[in-house]
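A quick write-up on the structure given underneath.
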Amino acid sequence: MKRAEQILGAVLLLFAIYIGYESTLIETGADFGKVGAGFMPFWLSVGLGITSAALLGRAVTLPLDRFDPAFFPDRAGGMRVFWVFAGYLLAVVVMKPLGMLISLAILMATTMPVFGSRNWKIIALTAIVTPVCVYVVFGLWLKVDLPMGILENVLSIY
């Protein structure tokens with residue numbers, strides 16, 4: 001498991017550097033003080049770089065006995081990984097016809113129980129509030145073109 005964390009930390013660090021570099025190449029046309037298209041990817045790459053460097057540093061410095069011997073501790077862990085993957089795959093498949101907001105609601109509703117949330121009221125509230133917040137921040141405030149799918153005629157952001 002120690003070797004796996006070392007490899008993961010190194011790969012994520014390289015990915016963060018690549019994303020950071022590519023985000024600096026985005027033509028934003030933004031003046032000083034304005035947020036452009038490269039703002040979010042750049043700062044996400046900085047956050048990913050910091051956390052992956054911390055993961056890599058932890059994996060290099062800690063002794064071997066501080067790591068779990070197995071990647072999946074049991075069958076339930078493997079099933080959780082499978083269901084999260086299935087939820088993300090479903091969200092990607094339905095994004096074009098249904099739109100980003102409905103896809104995000106489906107993603108929230110399918111992955112929250114996998115991570116341990118059992119209260120269906122909280123799951124439903126999160127599945128509604130998250131897409132609304134994404135729509136307000138990215139669609140209305142930042143004027144980002146979101147794939148709207150079937151909601152294109154209902155929610156106009158253009």
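The values are calculated or read from the model by the stated rules, or taken from the named source; none is laboratory data. Predicted model, so just to flag it, every value in this text is computed and none were measured. Backbone-built Cβ (ideal geometry, glycine too); neighbour counts: all protein chains shown.
Looking only at residues that are loosely packed, with under 12 Cβ neighbours inside 10 Å and small (Gly, Ala, Ser) in the stretch 19-43, which one is modelled with the highest pLDDT?
Per the criteria, the residue is GLY33.
Kindly list, by first and then second residue, each pair from a residue in the stretch 44-65 that is surrounded by fewer than 17 Cβ atoms within 10 Å (Cβ to Cβ) to a residue that is part of a helix (DSSP H, G or I), limited to pairs with Cβ atoms under 6 Å and residues at least 6 apart or on different chains.
The qualifying pairs are ALA53/LEU13; LEU64/LYS2.
I'd like the full set of residues that are in a helix (DSSP H, G or I), surrounded by 11 or more Cβ atoms within 10 Å (Cβ to Cβ), without any contact (Cβ under 8 Å) to a residue 12 or more places away in the chain and not aliphatic (A, V, I, L, M), limited to the stretch 113-132.
Hit for the stretch 113-132 is TRP120, nothing else.
Filter the stretch 135-158 for residues that are of a type in the set (A, V, I, L, M, F, W, C), touching a residue at least 24 places away in the same chain (Cβ under 8 Å) and surrounded by 16 or more Cβ atoms within 10 Å (Cβ to Cβ) and give the result.
Result: LEU146, MET148, LEU151.
Among the residues in the stretch 115-133, are any in contact with an Asp or Glu (Cβ under 8 Å, 6 or more places away or on another chain) and aromatic (Phe, Trp, Tyr)?
No, there is no match, as no residue in the stretch 115-133 is in contact with an Asp or Glu (Cβ under 8 Å, 6 or more places away or on another chain) and aromatic (Phe, Trp, Tyr).
If I ask for residues that are among the hydroxyl-bearing types (Ser, Thr, Tyr) and either at pLDDT below 90 or within 28 Å of ARG3 (Cα to Cα) (or both), which ones from the stretch 69-109 would you list?
Residue satisfying the conditions is TYR88 alone.
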